[in-house]
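For reference, the structure is listed below as structure tokens.
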Amino acid sequence: MNFLKSFPRKKRIDIVDMLRGALPLPNDYKELKMIGKSLNMPDEEVYMIWENRMKQVLESAGMNVYSNSGLINSMFDCAKKYLMKA
């Protein structure tokens, strides 16, 4: 209960739905970082969850992440550098 109370009231329902599997993990890094902060997760671990989620989103949209691995790796390397310094 204390975990849920650490989120704004409007977010609590979304958090419960994510935990029970009704909603996918958010792909908004800021939102995912807020969840990670409440769970005392290191930023590196939160970033890895976000990166995996973004790869799922790209694959579900039809992108072949394996044949485009150069592009994907460059994109996520830049994103990681930006997000880890912020």
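Some notes on this structure:
- Surface share of carbon and sulfur [accessible, 1.4 angstrom probe, percent] for the chain: 56
- Sum of side-chain charges, residue 43 neighbourhood, beta-carbon under 13 Å (Lys, Arg +1; Asp, Glu -1): +3
- At an R0 of 30 angstrom, the distance between the Cβ atoms of residue 20 and residue 56 translates into a FRET efficiency of 0.95.
- Averaged per residue, the chain has 72 square angstrom of accessible surface, using a 1.4 angstrom probe with ligands and nucleic acids left out.
- Neighbour net charge for residue 59 - beta-carbon separation under 13 angstrom, K R +1, D E -1: +1
- When the square roots of the Cα gyration tensor eigenvalues are ordered a ≥ b ≥ c, the ratio a/c for the range 31-71 is 1.5 or more and a/b exceeds b/c, which makes its shape prolate.
- Summed residue charge, Cβ within 11 Å of residue 23's Cβ, Lys/Arg positive, Asp/Glu negative: -1
The values are calculated or read from the model by the stated rules, or taken from the named source; none is laboratory data. Since we're looking at a predicted model, the values are computed, not measured. Counting neighbours? That spans all protein chains shown, and the Cβs are built from the backbone with ideal geometry, glycine included. The area values use the complete protein model at the heavy-atom level, side chains included, leaving out ligands, DNA and RNA. Shrake-Rupley method; radii C 1.70, N 1.55, O 1.52, S 1.80 Å.
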